[in-house]
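Data first, discussion second: the structure below is written as structure tokens.
The values are calculated or read from the model by the stated rules, or taken from the named source; none is laboratory data. Treat the numbers as computed from the prediction; the structure is a model and nothing was measured. A quick note on method: Cβ atoms are made from the backbone with ideal geometry, for glycine too, and the neighbour counts reach across all protein chains shown.
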Amino acid sequence: MGGGPTASQQLDDPEVKDDEELWRLIAPDWYPADSSTGLRAIDEAAFSHNKQVSALRSSLVTEAEVKRHFPNHGIAALPVAAVRQSGCVIQIDDQPPWPTKAHVVIRKSPNGSRLKPAQILALTQIANANLRVPPNVP
Amino acid sequence: MQQHRHSALEEQLAHLRALSAAPAEWSPSRPTEKVLDIARSLAESGWHDDIPTPSLIGTSDGGVHVKWLRGSRHVSAFIFPDGSIEYLAVENGHPVSENGRLSELLNWLMG
């Protein structure tokens, strides 16, 4: 009986715990106003990518640090458990200027391919429900 | 009406053309002309049927999200940098269909 990790488990980094939060930075363009109601909401464009979506582990970065690099961006907080429940895997992927192990990428489970439209929608809904800092819209 | 739609579409395309071409993780990137042509073609779909003018928003990899919204329903077309397109029909926040042709999805939107 093989007890080794499945392909999904290999792609999903166990170091990122379910009770953590990921921050997706929201560009002003991704926070449009509804043409009829005028209400703003995060658009699915914030989570559409042909490979993977970047995010930051909130336990390893500060809001001030994010604002220093991206003063006009908003911050949507994504509970890790909810991201995984939407059918995604999370991998640590170090990138400057962020601290070690702070930058992660979100991909489709189990094979790590690009997110499907329903997953893009799910992540957008999670982000809209957890918008921590709205973008500075001109 | 048609003129208003044309102006709204051109304004959105001009905004996408003005984006930085540099790849970005946290901001939209300028789409290629090929992607913009596809976005224009999709956006013009259904102009003869009172279908609302969609929003066109750039993605961080140079793709475009085209979105038609009507009441509790919306239809999304995700255009990726290689020109591939994926659709999603949504009602009351729930995915209804990830398949079908755009004309069918827009008919559903207006149904």
Taking region A:48-58 as the search range and keeping residues that are within 14 Å of chain B (Cβ to nearest Cβ), crowded, with 17+ Cβ neighbours inside 10 Å and not β-branched (Val, Ile, Thr), which one is farthest from A:Asp18 (Cα to Cα)?
-> A:Asn50
Conditions (1) more than 11 Å from every other protein chain (Cβ to nearest Cβ); (2) closer than 24 Å to A:Ser109 by Cα; (3) among the aliphatic types (A, V, I, L, M) -> A:Val61 fails only (2)
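Restricting to region B:29-82, count the residues that are among the acidic types (Asp, Glu) and within 8 Å of another protein chain (Cβ to nearest Cβ).
Keep residues of region B:29-82 that are among the acidic types (Asp, Glu), which gives B:33, B:37, B:44, B:49-50, B:61, B:82.
From what is left, the residues that are within 8 Å of another protein chain (Cβ to nearest Cβ) are B:61, B:82.
So the count comes out to 2.
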Would you pick out the residues in region A:28-61 that are of a type outside the set (Asp, Glu), at pLDDT 95 or above and touching a Pro at 6+ places or on another chain (Cβ under 6 Å)?
-> A:Pro28, A:Tyr31, A:Leu60
Of all residues making up region B:10-58, the number that are within 11 Å of the chain's Cα centre (by Cα) and free of Cβ contacts under 8 Å to residues at least 12 places away in the same chain | 1
Just checking, which of A:Ser36, A:Ser48 is among the hydroxyl-bearing types (Ser, Thr, Tyr) and touching a Ser or Thr at 6+ places or on another chain (Cβ under 6 Å)?
-> A:Ser48
Whichever residue in region A:68-104 is within 13 Å of chain B (Cβ to nearest Cβ) and in contact (Cβ under 8 Å) with a residue 60 or more places away in the chain and, among such residues, is surrounded by the most Cβ atoms within 10 Å (Cβ to Cβ) = A:Val104
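Quick one: would you say A:Pro28 is under 16 Å from B:Trp26 (Cα atoms), out of contact with any His (no Cβ under 7 Å at 6 or more places or on another chain) and surrounded by fewer than 18 Cβ atoms within 10 Å (Cβ to Cβ)?
In short, yes.
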Contacts under 8 angstrom Cβ, first residue in region A:116-128 being touching a residue at least 60 places away in the same chain (Cβ under 8 Å), partner among the β-branched types (Val, Ile, Thr) and outside any helix (DSSP H, G or I), 6 or more apart = A:Leu121/B:Val90; A:Leu123/A:Val53; A:Leu123/A:Ile106; A:Thr124/A:Ile42; A:Ala127/A:Ile26; A:Ala127/A:Ile42; A:Asn128/A:Ile42
Out of curiosity, is B:His74 closer than 15 Å to A:Ser35 by Cα and surrounded by 18 or more Cβ atoms within 10 Å (Cβ to Cβ)?
-> yes
Options A:Lys51, A:Lys101; residue that is among the charged types (D, E, K, R) and on the phi > 0 side of the Ramachandran plot | A:Lys101
